[in-house]
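Below: one structure, written as structure tokens.
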Amino acid sequence: MARILCAWEFGSGLGHLTRLLPIARKLHDAGHEIVLAVPNPPAAKPVLDKNFPEREGPFRLKVIKGTLWQIPTEKQDPNLRRKPTHVLADVLTLFHYQDAVLLERQTRVWQQICDEVDPDLIVADFAPTLRLAYWGRAPFAMMGNGYTTPPRGRLLPPIKPWQTGLLPFSRRHEASVLMAMNHVRDVLKGPAVDYVGDMLNGDRSFVCTIREFDPYRPHRTEPTLMPFNVPDVSRHPTIEERGGDKAPIFIYLPANHPLLRGVLNMVSKSGVPAHVYVSNVPPEQIAGLCGRNVSIHRNPINFANDLWKFRMIIHHAGLATAYAAIKAGTPQLMLPVNLEHSITSRGAAHLAGALVMGAADSPKIEEVEQAYTKMLTDRTLWRRAHEAALKVAERPVEDSVGMVVQGCLEMLEQGLEKARREAEKDTGEDAEDVDRIMA
């Protein structure tokens, strides 16, 4: 039995966790011990409890705290959302990743965790500091959603697929991040890092993304896998079959979305039957912002079972939500608030005719209302969403989890075999020393 450390480092959402958990489960079922390091264990607990209840018998998952990188809030930095992010190094500098002292401190945390866990294999997701800390000491598999896993062995390409050139500040940020990484490698007396992207990959990388949503698609040479943390939606009736203009809509926005109050007021005034779920906010508080036509959900809806019932979804362009809506043939009004969401929404607009309002242009609620009104009645958009669902349903189904697990098991076996050879070599050298002493 081997010990496997699963971890993620950046990202406040739980998409990284839901990508790691199926892999952890299969590796556990193959007979290995799993240790999961997460930035915020209390935030991860609901997902872990749902997937692995304590009563579930033989599955045992040890959860520990990993590193936590905190980005400044908009209250601390009012210009935060307006800072341009053209390459992933621009994003890392928002977390002060170029601060060599801070990076060394965070690397030491990962070193301590790894020394205590002593993993035979690491399976990580968006964890460059863990890679930096334990590079070469154990086989390393890096998961990613496309955005977080740029091609290795080269300068970082633009995150925005439509961007052809980069401004000097992005390359300066990349150089400063690389310098901080190499400061840490120098302190650790390890080999130098050639490219920032190398630390965002592992010995093997498994990029799980829909091709239309991959920001590095023009630059990627290695194959990608279909994501497996998106809902398995198999029903996609036409909007007319759902009840046409009598079918309800669904609102799924985070509590800190700048347009949340405006959207709830807009939908309430329209009188259209609607359902809403806002995470981490008491339903009673949301109810105070809504009209009688809006039903409040205490828990997220089951996308696989319910998303096909709505004639529209208004959301912030999370990848899993966007793709689930495409598979359900549900028209989307997308309100992205960051760069990753903007890339996802662009893919959804191209693939399924989603209407996008947000991020760079900071729309006013009046503009959102115009798009909302159009989507309520525009049967051309309804047909476009349905046709996209039919096309996506024809795509071949691949066992992405099985492919990742097989790759991890191969890495694990190679790592264990290498360790056995080194142990035998050390034993042989010790025996030669004894022979020389005896002689």
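The values are calculated or read from the model by the stated rules, or taken from the named source; none is laboratory data. The structure presented is a predicted model; accordingly, all values stated were derived computationally and were not measured. Don't worry about glycine lacking a Cβ; one is built from the backbone with ideal geometry, like all the others, and counts go over all protein chains shown. We work out accessible area using only protein heavy atoms, side chains counted, and drop any ligands, DNA or RNA first. Shrake-Rupley method; radii C 1.70, N 1.55, O 1.52, S 1.80 Å.
Summary table below
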quantity: Size descriptor, Kirkwood hydrodynamic radius, that averages inverse alpha-carbon separations across the range 217-276, Å; calculated: 15.3
quantity: Per-pair calculated FRET efficiency, R0 = 60 Å: residue 186 and residue 295 via Cβ, rounded to 0.05; calculated: 0.55
quantity: Long-range amide H partners of residue 6 with built H, under 5 Å; calculated: 35, 36, 37, 123
quantity: Computed [θ] at 222 nm, deg cm²/dmol, the chain (DSSP H ≥ 4; -39,500 (n - 2.57); rounded to nearest 500); calculated: -14000 deg cm²/dmol
quantity: The range 81-144 shape via C-alpha gyration tensor axes, a/c threshold 1.5; calculated: oblate
quantity: Largest-first ellipsoid semi-axes for the range 189-250, taking √(5λ) over the Cα gyration tensor eigenvalues, angstrom; calculated: 42, 12, 11
quantity: Relative packing of peptides 253-260, 323-330 - highest average C-beta neighbours within 10 Å first; calculated: 323-330, 253-260
quantity: Built amide H within the under 5 Å cut-off of residue 251, gap 5+; calculated: 275, 276, 277, 314
quantity: Listed residue pairs exceeding 22 Å between alpha carbons, taken from 83/160; 269/374; 26/327; 26/425; calculated: 26/327; 26/425
quantity: Phi-based couplings in Hz for the range 25-37 (Karplus 6.51, -1.76, 1.60; Gly and Pro marked x); calculated: 4, 5, 5, 5, 5, 7, x, 10, 7, 10, 10, 10, 9
quantity: Cα gyration tensor shape for the range 129-274, rounded if a/c is under 1.5, else prolate or oblate; calculated: prolate
quantity: Stretch gain in nm, segment residue 62-residue 394, where the contour uses 0.36 nm per residue and the Cα spacing is subtracted; calculated: 115.6 nm
quantity: Total charge dipole magnitude, the range 118-243, about the Cα centre, Cβ charges on Lys, Arg, Asp, Glu only, Debye to nearest 20; calculated: 400
quantity: Heavy-atom surface of the chain, accessible at 1.4 Å and reported per residue (Å²); calculated: 48
quantity: Where N is the number of residues in the range 85-194, Cα Rg divided by 2.2 N^0.38 Å; calculated: 1.10
quantity: Sulfur and carbon atoms: percent of accessible area, the range 153-220 [1.4 Å]; calculated: 54
quantity: Computed Rg/Rh of the chain, alpha carbon atoms with Kirkwood Rh; calculated: 1.02
quantity: Share of Cα-Cα pairs in the range 220-347 lying beyond 26 Å, as whole percent; calculated: 21
quantity: Cβ-Cβ FRET estimate between residue 287 and residue 373, R0 fixed at 22 Å, reported to 0.05; calculated: 0.35
quantity: Where 216, 147 fall by accessible area, highest first, once all protein chains stay in place (1.4 Å); calculated: 147, 216
quantity: Whole-number Å³ per residue for the convex hull built on Cα positions in the range 154-227; calculated: 100
quantity: Between the range 234-278 and the range 102-138, the Cα center-to-center distance that results, in Å; calculated: 43
quantity: ³J(HN,Hα) computed for each position of the range 229-237 - Karplus, 6.51 cos²θ - 1.76 cosθ + 1.60, integer Hz, glycine/proline x; calculated: 9, 10, x, 8, 8, 10, 10, 8, x
quantity: Dipole of the chain, positive end: most advanced residue of 144, 329, 381 [Cβ charges, Cα centre]; calculated: 381
quantity: Test item: Cα-centred dipole of the range 171-211, Lys/Arg +1 and Asp/Glu -1 on Cβ, debye; calculated: 120
quantity: Distance-filtered residues of the range 164-203 - backbone nitrogen under 18 Å, label point 7 angstrom along residue 414 Cα→Cβ; calculated: 198-203
quantity: Solvent-accessible area of residue 96 with every protein chain in place, 1.4 Å probe, in Å² to the nearest 10; calculated: 90
quantity: Given charges at beta-carbon only (K, R positive; D, E negative), |dipole| of the chain in Debye; calculated: 1860
quantity: Three-way shape call for the range 279-338 based on the alpha-carbon gyration tensor, with the a/c threshold at 1.5; calculated: prolate
quantity: Ordering of 62-69, 390-397, 304-311 by burial proxy (mean other Cβ atoms within 10 Å per residue, highest first); calculated: 304-311, 62-69, 390-397
quantity: Semi-axis lengths (Å, descending) of the ellipsoid that matches the C-alpha gyration tensor of the range 294-390; calculated: 19, 16, 15
quantity: Residue-level accessible surface for residue 269, protein heavy atoms, 1.4 Å, Å²; calculated: 140
quantity: 3J(HN,Hα) from dihedral phi, the range 268-284, Karplus parametrisation 6.51/-1.76/1.60, rounded to Hz, x for glycine, proline; calculated: 4, 5, 6, x, 6, x, 9, 10, 9, 9, 10, 6, 6, 10, x, x, 4
quantity: Gain upon complete extension [residue 102, residue 302; 0.36 nm per residue less C-alpha separation]; calculated: 67.9 nm
